[in-house]
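The values are calculated or read from the model by the stated rules, or taken from the named source; none is laboratory data. Quick caveat: nothing in here was measured; it's all calculated off a predicted structure. Cβ coordinates were reconstructed from backbone atoms using ideal geometry, including for glycine residues, and neighbour counts include every protein chain displayed. Side chains are part of the model used for accessible areas, which takes the heavy atoms of the whole protein and leaves out ligands, DNA and RNA. Shrake-Rupley method; radii C 1.70, N 1.55, O 1.52, S 1.80 Å.
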Amino acid sequence: MEQLRIVVVGAGAIGGITAALMKEGGNDVTLVCKHQEIADIASGRGLHVVGVRGEHAVHMHAVADIAELNGEYDVAMIATKAYDMPASARALKPFLKENALVLSLQNGICTDALAAVVGEEHTVGCVIGWGATMLGPGELEMTSTGEFIIGRISGSQQALEPIRQAMQAVVPTVISENIYAELFSKLIVNSCITSLGAICGLHLGEMLMKRQARSIFLGIIREAMDVAHAQEVKVPPFGGKLDYEKLMKGSSPLDDLRRHIMILIVGLKYRRLKSSSLQSLERGRPTEIDYFNGFIAAKGESLGVPCPINRRLTVMIKEIEGERRSIKVENLWDEALCGAVRHTVSA
């Protein structure tokens, strides 16, 4: 079988490590880095990857702009921020083979936006179940192991087998027959952690010690599951452990206590976790809120399912982005947000 030509767009922690370890595994990989400095490092001494998979120095062909690519590619993996993904996909189109597949390696659900550019038959969703961070230019750390879950939104999944084999060089990779459900499962927990951390500025443990934060957290899940049910989507447990259906089952005071205890345990286990959206805001960059809570709210509204908590959080974070609201703990008691929580609990 002829070797796949793969281009990875985005040389951040996830994109850089994915490209480096696939290249080290013997695959034909080109990396688009956005910054010339990173492209020079990758094509010179190579990217330096450390962490749970050991130490690697991987040299590969790298460019600073999609327009600098040559020839056509079988596979494109877009590992940019969600809001940059559509533009990257449009720029890639002249460099894609007729039957090329394009993977969305973003947080949130971006497959709809990607399909709008490249077509459903070319669109592949990907759940990233491992962690990484950038230590400096060309210096990347893989902080936790896990898996990739990939799946086409239209067409035979069999076409993904060569891609699965290439991605196995990074972490174990499985093909899902229902990638939307897998993406939705991760979307829910991301929408809880990233949005709440962004409005209040606290690490997860300190935040979830507050009953109000836990109530909002549970309200986000309830609305998201209402949207899933309206779509007849069976959401799998996140990471095989966090079963949303079981968590939200029952309406008695004892059931509510059980839910709060479970969320409190999550907060204690990952107490030092800092919201990625909060980190973006602190750097003066926009968040990916439209692909998290904004996606849940918009999808719910299109189905006639009210999602006032997710909609209010989306509005609040956009206010922070526009410097019309500050990041503070008091945001957890925002009047409209509290009203949305009461509405969802009583519904």
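Tabulated values for the structure
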read-out	value
Sole residue being under 22 Å from the mean Cα position of the chain (by Cα), open to solvent by 10 Å² or more (accessible area, probe 1.4 Å) and touching a residue at least 60 places away in the same chain (Cβ under 8 Å), chosen from R45, R53	R53
Members of the stretch 238-289 found to be part of a helix (DSSP H, G or I), over 22 Å from G129 (Cβ atoms) and open to solvent by 80 Å² or more (accessible area, probe 1.4 Å), listed by number	P253, L254, L257, I261, E282
Test result for G125, surrounded by fewer than 23 Cβ atoms within 10 Å (Cβ to Cβ) and among the small types (G, A, S)	no
Residue match in the stretch 61-78 (condition: in contact (Cβ under 8 Å) with a residue 40 or more places away in the chain, in contact with a strand residue (DSSP E or B) (Cβ under 9 Å, 6 or more places away or on another chain), more than 14 Å from G15 (Cβ to Cβ) and surrounded by fewer than 18 Cβ atoms within 10 Å (Cβ to Cβ))	yes
Cβ-Cβ under 7 Å pairs, at least 6 apart or on other chains, the stretch 113-127 side of a type in the set (D, E, K, R), far side surrounded by fewer than 22 Cβ atoms within 10 Å (Cβ to Cβ) and not in a helix (DSSP H, G or I)	E120/I153; E120/S154; E121/S154; E121/G155
Residue within the stretch 284-291 that is touching a residue at least 60 places away in the same chain (Cβ under 8 Å), of a type in the set (F, W, Y) and farther than 26 Å from P253 by Cβ present	yes
Residues being open to solvent by 50 Å² or more (accessible area, probe 1.4 Å), of a type in the set (D, E, K, R) and part of a strand (DSSP E or B) - total across the stretch 129-154	2
Qualifying positions in the stretch 17-55 - touching a Leu at 6+ places or on another chain (Cβ under 9 Å), within 13 Å of M167 (Cα to Cα) and not β-branched (V, I, T)	A19, A20, K23, N27, D28
All positions within the stretch 290-347 that are closer than 16 Å to L187 by Cβ and part of a loop (DSSP other than H, G, I, E, B)	F292, V305, C307
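This table checks each residue for (1) in contact (Cβ under 8 Å) with a residue 12 or more places away in the chain; (2) open to solvent by less than 30 Å² (accessible area, probe 1.4 Å).
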| site | (1), (2) |
| --- | --- |
| S156 | no, no |
| V174 | yes, no |
| L202 | yes, yes |
| Q212 | yes, no |
| M225 | yes, yes |
